[in-house]
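First up is the structure itself, then whatever we jot down about it.
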Amino acid sequence: MSELDELFQPQASATSSQREQTFDKDAWAQKKQELRQWTYETIDAATAVIAKNGEQFQHYLDVQSRFDLYSVANALLIHTQRPDATRIADFESWKEQGAYIRRKETGFYILEPGEEYKREDGSTAISYNPKKMFDVAQTTAPKKEPPIYPDDRTRIKALMDRSPIPITNGDALPAEVHALYQPDTRNIVIRRGLGAGDIFRALAQELAHAEIDSGRNDYSRSAFNFQAYCAAYMLCKKFGVETASFRFGRVHERLKDMEPQQIRAELTVMKDAAHDISRRMHRMLAQQRQQQPNRSDSTR
């Protein structure tokens, strides 16, 4: 139980006069600030852990792939407190859905945007407040069925749908290179004759390069290979593509000597690239699902 929770717990030995005391606003504000500070410290600590441990880094990517609408900071908080979470909401949101929190379940915290405020230098910033959440496994809500992934052809078609750059087949790629994004010509060449899994993994990584390159000058593939690789991993996890070939054992070499804030900036680049591609894929897949009943009706 957190300190903030303890503040609102009834005291069994309290006297009647103590029970009649008014709500201590200052104490509540102090506890709230302490909890906010705890979340910031937890985010920094989690950043340090995943930067030094490839297995923990991969687990973080798993969480971020499931919660791609959440910030890196909140994904780190979920990873630290409830790494197996699949669907989260606060108490009131679950209640509105007709679900209730199971007895003895303890919530966990993320940060939500609060009010704007002025810094000393006159710039505007947004405050963030801790918000208690619960995973669906902690509630009476029915569990969702395991996801049904698209078939290989549909999945690759969705990955290529509305690509920001041309994608062509070719045979002149370097050895062991399945696909290649070329910044100078802004196109992707993919090797002929690959299996479906290899196509998705290679194309996802090169599309991530293209997303990261958007709006940049003098793009360097080598500078962003790591981010594109991680974005491809998250897309594979999200859409049910085999990930056994991905390796993160050398993550500490890539992130060493970086401050936590710099590391989170790197994580944000890969998260944003994966999210932009995922959003296009979901749009195409949703349209296809809407069209399927119409095709079925037309055959009757």
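The values are calculated or read from the model by the stated rules, or taken from the named source; none is laboratory data. Keep in mind it's a predicted model, so treat the numbers as computed, not measured. Reconstructed Cβ throughout: ideal geometry from the backbone, glycine too, with neighbour counts over all protein chains shown. These accessible areas exclude ligands, DNA and RNA; they are computed on the full protein's heavy atoms, side chains included. Shrake-Rupley method; radii C 1.70, N 1.55, O 1.52, S 1.80 Å.
Laid out as a table, the results:
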read-out: Some residue of segment 81-92 being assigned to a loop (DSSP other than H, G, I, E, B), open to solvent by less than 60 Å² (accessible area, probe 1.4 Å) and touching a strand residue (DSSP E or B) at 6+ places or on another chain (Cβ under 9 Å); value: yes
read-out: Residue among Ala125, Ala137 that is part of a helix (DSSP H, G or I) and over 13 Å from Phe239 (Cα atoms); value: Ala137
read-out: Total residues in segment 248-265, condition in a loop (DSSP other than H, G, I, E, B) and either without any contact (Cβ under 8 Å) to a residue 60 or more places away in the chain or closer than 16 Å to Ala223 by Cα (or both); value: 5
read-out: Among the residues listed as Tyr219, Tyr181, the single one being crowded, with 19+ Cβ neighbours inside 10 Å and more than 20 Å from Ser65 (Cα to Cα); value: Tyr181
read-out: Contacts under 6 angstrom Cβ, first residue in segment 98-119 being within 16 Å of Thr139 (Cβ to Cβ), partner part of a strand (DSSP E or B) and of a type in the set (D, E, K, R), 6 or more apart; value: Gly107/Lys132
read-out: Positions within segment 135-159 being of a type outside the set (Asp, Glu) and open to solvent by less than 80 Å² (accessible area, probe 1.4 Å), in sequence order; value: Val136, Ala137, Gln138, Thr139, Thr140, Ala141, Pro150, Thr154, Arg155, Ile156, Ala158, Leu159
read-out: Pick from segment 93-110, criterion open to solvent by 70 Å² or more (accessible area, probe 1.4 Å) and of a type in the set (Ser, Thr, Tyr), ranking: nearest to Ala51 (Cα to Cα); value: Thr106
read-out: Total residues in segment 18-48, condition open to solvent by 70 Å² or more (accessible area, probe 1.4 Å) and either of a type outside the set (Ser, Thr, Tyr) or modelled with pLDDT under 90 (or both); value: 15
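Residues are listed down the side, and each one gets a yes or a no for (1) closer than 30 Å to Glu55 by Cβ; (2) in contact (Cβ under 8 Å) with a residue 12 or more places away in the chain; (3) surrounded by 21 or more Cβ atoms within 10 Å (Cβ to Cβ):
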| position | (1), (2), (3) |
| --- | --- |
| Gly193 | no, no, no |
| Ala196 | yes, yes, no |
| His209 | yes, yes, yes |
| Ala228 | yes, yes, yes |
| Lys238 | yes, yes, yes |
